[in-house]
Structures are given as structure tokens and as C-alpha cells.
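Working notes for the structure below.
The values are calculated or read from the model by the stated rules, or taken from the named source; none is laboratory data. Everything numeric here is computed off the predicted structure, so don't read it as measured data. Methodologically, a virtual Cβ is constructed for each residue, glycine included, from the backbone with ideal geometry; neighbour enumeration extends over all protein chains shown.
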Amino acid sequence: MLNAFAELSTPLLADACVRTGVPLRAAPPGIGAVVPGHRIAGRALPARHYGSVDVFLEAFGRAEPGDVLVIDNGGRADEACIGDLVVLETEAAGLAGLVVWGLHRDTPELVEIGLPVFSYGSYPPGPVRVDEREPEALATARFGPHVVSSDDIVFGDDDGVLFIASWHTEQVLATAHQLHRTERAQADRIRAGETLRHQTAFDEYLAQRATDPTYTFRQHLRRIGGAIEE
């Protein structure tokens, strides 16, 4: 999956979701890689955190190589729910990385380990609570407004994290590749001196909008085969 994502980005996948009508499920703003430039792509392995790492260790027992541990810590800002030992164990279990709806700690050690970790950021204190565990603890993870399960594929890069249902992934990736080719060609033409306004026949769009106020730029782009927004 990471190879299929290699030439793409989460913005391209997001645009492809809109283009194909696939639900757009993005992690909340602020979720980012501990090490800039790290990328992640793999099947979600959900786990809900209740104050103890035991739920992660239990999740690893059902992991498959290349999975991504998706941790639901409720977006809490009062504790870091993972550190170097959990990340080392994640690596030992053959996972591709972690995404955390919450915070991490042991940043220098995580950088040294090198396994991709995405979170809201770092915070020194760990949990001091042990809450009651829910029946769905290993079945689904909440991540912002979304519920993530093993039916989802996780994609992450410097722009953030997306969750896409596995049965939509092939279609979204194919569309993203098409958008990528179109946008790169447009970028090359701008560098060669042909403005985006000329490429998108912007004067024609303005003329059409003057006669039909309901005519949108997105409609225009799709009609002429351009790509800049969805």
C-alpha cells in the first residue's frame, strides 16, 4: 500500500475522494508526523486507550504485517499515551507505524527508532488513570468525528492523515494518479510561461458565469479537464 501511495499525497487523495463521491474522512487538523517527511499507508489496527498500554499489546496479537495502529485517546491534551517502548513494540510486531488521536512523549527516542508516528504533538506526563474498558476497545477507534475499523486504510504524510474504506481504495488511488498527472502538467506549463488563467480558460468561465450565475468554477474545470480544486 505504501508503494501505491509513493507518488501521491493526502491532498490528492482528498480531492480524489470528492471527485469519486467517496466519503472524505480526515483526521482533525494538527495531527502530524513526529519526524517531518515520514509517510504511512496500511490497514488500520484500531485500539482505544483507557490509561494502560495493555490494550496496545493485546491489539498486536491480531496484527498483520504493514498494519497501522490507530489509537483513540479522545484527543486528550492532559497526557501522552505512547512513548518509546510502545513504538518499539509496534515495530517488533511488524506494523508500519502509528497514528494517535492524542499526544506522544519520548520524542528523541521516537526520532531514533524511525517508525512513523503521527499525533497532536509531545507532552511529558503519561497517564495516571485507568478507565473502564468498552466492548469495542479493539474493534473500532474514534478519531475526531470518524470511527475507524480494520476495514479502513490509513494514509498519512506532511499534510495530515486520511482514512479510506478498503473497498474504495483502488478507485481513489487511480483517480488520485489521474489528478496528479493533470496537476503536474499544469505546473510545468506555468513554469514555462503559460498562466493558470490561460490554461483554465478563465475568461471563458467568467463570460459563462455572467450569463449563468449558477455555473461554478468546479463545473468549468471538469468540463475542460483541469484540476486545481474539487
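Key figures for this structure:
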{"read-out": "Selection within the stretch 65-85 - crowded, with 24+ Cβ neighbours inside 10 Å and in contact with a helix residue (DSSP H, G or I) (Cβ under 8 Å, 6 or more places away or on another chain)", "value": "Leu69, Ile71, Ile82"}
{"read-out": "Selection status of Arg76, on the phi < 0 side of the Ramachandran plot, free of Cβ contacts under 8 Å to residues at least 40 places away in the same chain and assigned to a loop (DSSP other than H, G, I, E, B)", "value": "yes"}
{"read-out": "Some residue of the stretch 124-144 being surrounded by 13 or more Cβ atoms within 10 Å (Cβ to Cβ), acidic (Asp, Glu) and at pLDDT 95 or above", "value": "yes"}
{"read-out": "Residue in the stretch 105-114 that is outside any loop (DSSP other than H, G, I, E, B), of a type in the set (Val, Ile, Thr) and loosely packed, with under 15 Cβ neighbours inside 10 Å present", "value": "yes"}
{"read-out": "Test for Ile31: is it at pLDDT 95 or above, touching a Pro at 6+ places or on another chain (Cβ under 6 Å) and on the phi < 0 side of the Ramachandran plot", "value": "no"}
{"read-out": "Residue list for the stretch 164-198, restricted to those being at pLDDT below 90 and buried (at least 16 other Cβ atoms within 10 Å of the Cβ)", "value": "Glu183, Gln186"}
{"read-out": "Yes/no for Tyr205 being in a helix (DSSP H, G or I) and either surrounded by fewer than 12 Cβ atoms within 10 Å (Cβ to Cβ) or not assigned by TED's automatic domain parsing to the domain that holds Gly21 (or both)", "value": "yes"}
{"read-out": "In the stretch 142-167, the residues that are of a type in the set (A, V, I, L, M, F, W, C) and touching a residue at least 40 places away in the same chain (Cβ under 8 Å)", "value": "Phe143, Val148, Ile153, Val154, Phe155, Val161, Leu162, Phe163, Ile164, Ala165"}
{"read-out": "Members of the stretch 179-230 that are touching a residue at least 40 places away in the same chain (Cβ under 8 Å) and among the polar types (S, T, N, Q)", "value": "Thr182, Gln186"}
{"read-out": "Qualifying residue in the stretch 161-172 (condition: part of a helix (DSSP H, G or I), of a type in the set (Phe, Trp, Tyr) and more than 30 Å from Asp67 (Cβ to Cβ))", "value": "no"}
{"read-out": "Residue match in the stretch 25-32 (condition: in the same structural domain as Val147 (by TED's automatic domain parsing) and more than 13 Å from the chain's Cα centre (by Cα))", "value": "no"}
{"read-out": "Search result, residues across the stretch 42-73 that are in contact with a Phe, Trp or Tyr (Cβ under 6 Å, 6 or more places away or on another chain) and not in a loop (DSSP other than H, G, I, E, B)", "value": "Ala47, Asp72"}
{"read-out": "Pair list, Cβ under 8 Å, 6 or more apart: the stretch 54-72 residue modelled with pLDDT under 95, other residue of a type outside the set (Gly, Ala, Ser)", "value": "Arg62/Leu45; Arg62/Leu138"}
